[in-house]
Amino acid sequence: MARHAREPGQPAENGEKGKQGKNGEVRGPSHRWWVLGVIGLAQLMVVLDATIVNIALPSAQQELGFSDGNRQWIVTAYALAFGSLLLLGGRIADLVGRRVVFLIGLVGFAVASAIGGAAPSFEVLVLARALQGMFGALLAPAALSLLTTTFTVPKERAKAFGIYGAIAGAGGAVGLLLGGVLTEYLDWRWCLYVNLLFASLAFVGGWRLLTAGAPVDRPKLDIPGTVLVSAGLFCIVFGFSRAETHPWSSPDVWGFLVAGVVLVAAFAWWQTRAAHPLLPMRVVLDRDRAASFLAMFISGGGLFGVFLFLTYFLQKSLFYSPVSTGLAFLPMIAVMIVTSVTTTNVLVPRLGAKPIVPLGMGIAAAGMVWLTALDLNSTYAAHVLPPLICLGLGLGMVFATAMNLATAGVSARDAGVASAMVNTSQQVGGSIGTALLNTLATSAATNYLVGRRPTPAAIAQSQLESYSTAYWWSAGFFAVGLLVTVILYRRGVPQPHPVEEPDPVRA
């Protein structure tokens with residue numbers, strides 16, 4: 001039987017004091033912040049899993065005996081499933097209910113992680129990573145849409161998104177640190193098993209705190225749109241991943257990229273004609289929202305220039321251990337968290353997004369350019385730490401602000417798909433950035449060695465050339481982001497959107 005209930009964490013009416021209702025409704029401010037902890041833990045698990053396995057790859061390869069050529073599939077299988085299914089996952093959250101999809105995503109992610117941790121062969125490990133990506137595509141948009149519908153008061157929303165944006169931006173670095181600790185002191189399999197702990201804690205919290213039910217007036221699933229966008233994103237991510245091991249002239253690269261662009265274009269055309277579009281145009285045509293999606297896409301691509309190539313530099317050039325490499329990123333994470341919270345609570349409410357996000361892009365670009373000066377004589381305190389702090393400052397200004405405005409003012413029935421667009425933008429941007437930067441860096445190293453004897457010194461210098469090339473291109477990504485966001489974001493302070501009446505729900 002249908003009944004009316006608040007979204008989880010929505011302010012109580014008629015002077016009610018905060019308490020938890022019979023069906024799990026979150027009615028008080030104290031519960032809202034517990035919900036944020038649950039959602040943040042789930043998001044951290046999804047984000048760090050994109051990088052935690054990178055540290056474990058050499059040990060996994062040695063134990064399972066797969067080739068260098070197959071090694072990329074441990075990362076690519078996750079990215080393909082995650083990136084191509086995010087929009088579908090977001091719409092499923094709108095259709096079925098965010099709480100149940102969130103809990104299913106947690107259980108599925110945990111089971112897939114257990115399968116991967118116990119994998120006896122390369123094939124089983126790849127399958128487990130693909131399953132992680134699939135359930136992550138359910139979990140990530142459900143988590144962000146829960147945050148969107150839980151925090152509706154502007155001041156609380158700003159604080160919540162500041163914390164959430166810091167988690168989303170810093171999760172990759174946390175993955176590197178945690179992966180290093182687990183691989184060095186336990187076993188590479190614990191890089192997957194650790195998700196059982198995260199998922200268990202988040203599941204218990206979600207079961208107790210989140211509201212049960214799904215909207216009565218649920219949107220219908222757009223089957224043609226789902227097929228078009230899922231296939232299109234798959235082809236794009238797959239094409240760019242193939243560019244890491246194949247020349248750009250190979251049909252395995254450009255063929256998939258062309259097919260992906262055509263399918264995504266067909267999806268965009270279909271969304272203007274579908275009776276129940278998977279991605280309603282009202283979600284993407286708002287200027288601030290479109291600017292935020294593009295900001296997440298561009299910064300997602302540029303961010304991998306830090307995590308991937310600086311990790312290689314610290315381990316291969318300066319001979320840091322995996323744990324030391326992870327610890328090296330901690331100051332950046334700390335600055336990113338402080339900046340995210342300060343930006344969304346103090347700066348954006350006074351100045352608006354237009355000066356903040358472009359400034360963050362510019363600071364991040366400057367940090368990337370600063371990294372190009374690193375060489376074999378560089379020290380951490382004098383040469384690595386300053387640009388990392390610069391990057392933490394810039395990225396903290398971008399991520400939290402963009403995530404907040406990307407979901408602000410979205411109706412409850414579209415919260416899942418709008419949240420999925422945020423994750424899709426970051427994930428696809430990261431996949432494209434990784435492939436492009438890898439290809440450009442490899443070419444730079446090869447070109448440097450042309451006409452030179454491959455002595456250890458020459459090889460070491462060629463690696464520095466490859467890292468520097470990646471940093472320059474990453475700086476270029478952020479420079480483009482500066483131009484795009486300064487043009488698209490509206491002037492002035494974002495106007496608070498009226499709090500909508502919550503959707504009816506079924507128990």
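For the range 201-324, averaging the sequence separation of C-alpha pairs within contact (under 8 Å, six or more residues apart) and dividing by the residue count gives a relative contact order of 21 percent. Each of Ser468, Leu405, Ala79 was placed along the dipole of the chain (beta-carbon charges, centred on the mean Cα), and the one lying farthest toward the positive end is Leu405. Counting only protein heavy atoms and a probe of 1.4 Å, the accessible surface of the chain is 68% carbon and sulfur. When restricted to Cα atoms, the range 304-451 yields an Rg and a Dmax of 17.7, 62 Å, respectively. Note on the chain: helix-only mean residue ellipticity at 222 nm, from DSSP H runs of 4+ residues weighted -39500 (n - 2.57) and normalised by residue number, equals -25500 deg cm²/dmol.
May I ask for the distance between the Cα centers of the range 223-283 and the range 37-103, given as a whole number of Å? Centre-to-centre distance over Cα atoms comes out at 20 Å.
When the Cα gyration tensor is reduced to axis lengths a ≥ b ≥ c, the ratio a/c is 1.5 or higher for the range 45-195, and with a/b above b/c it is classed as prolate. In the chain, the longest principal axis of the Cα atoms and the axis of helix 415-449 are about 0 degrees apart.
Angle check, please: helix 251-271 long axis (alpha carbons) against the longest principal axis of the chain (alpha carbons), in degrees 0 to 90, nearest 10. The helix 251-271 is inclined about 20 degrees to the chain. Using a probe of 1.4 Å, the accessible surface attributed to Val480 totals some 80 Å² when neighbouring protein chains are kept in position.
Would the range 255-326 count as rounded, prolate or oblate if I go by the C-alpha gyration tensor, calling it rounded below 1.5 in a/c and otherwise prolate when a/b exceeds b/c, oblate otherwise?
Details: a/c = 4.34, a/b = 2.45, b/c = 1.77.
Prolate, because a/c is 1.5 or more and a/b exceeds b/c.
For the chain, relative contact order (Cα pairs under 8 Å, six or more residues apart, normalised by length) works out to 24 percent. For the chain, the dipole from Cβ point charges (+1 on Lys and Arg, -1 on Asp and Glu) about the Cα centre works out to 1060 debye, to the nearest 20.
The angle separating the long axis of helix 456-488 from the principal Cα axis of greatest extent in the chain is about 30 degrees.
The values are calculated or read from the model by the stated rules, or taken from the named source; none is laboratory data. Given the structure is predicted, the values throughout are model-derived calculations rather than measurements. In this analysis, Cβ positions are derived from the backbone assuming ideal geometry, glycine residues included, and neighbour counts consider all displayed protein chains. Just the protein is used for accessible areas: all its heavy atoms, side chains included, with ligands, DNA and RNA removed. Shrake-Rupley method; radii C 1.70, N 1.55, O 1.52, S 1.80 Å.
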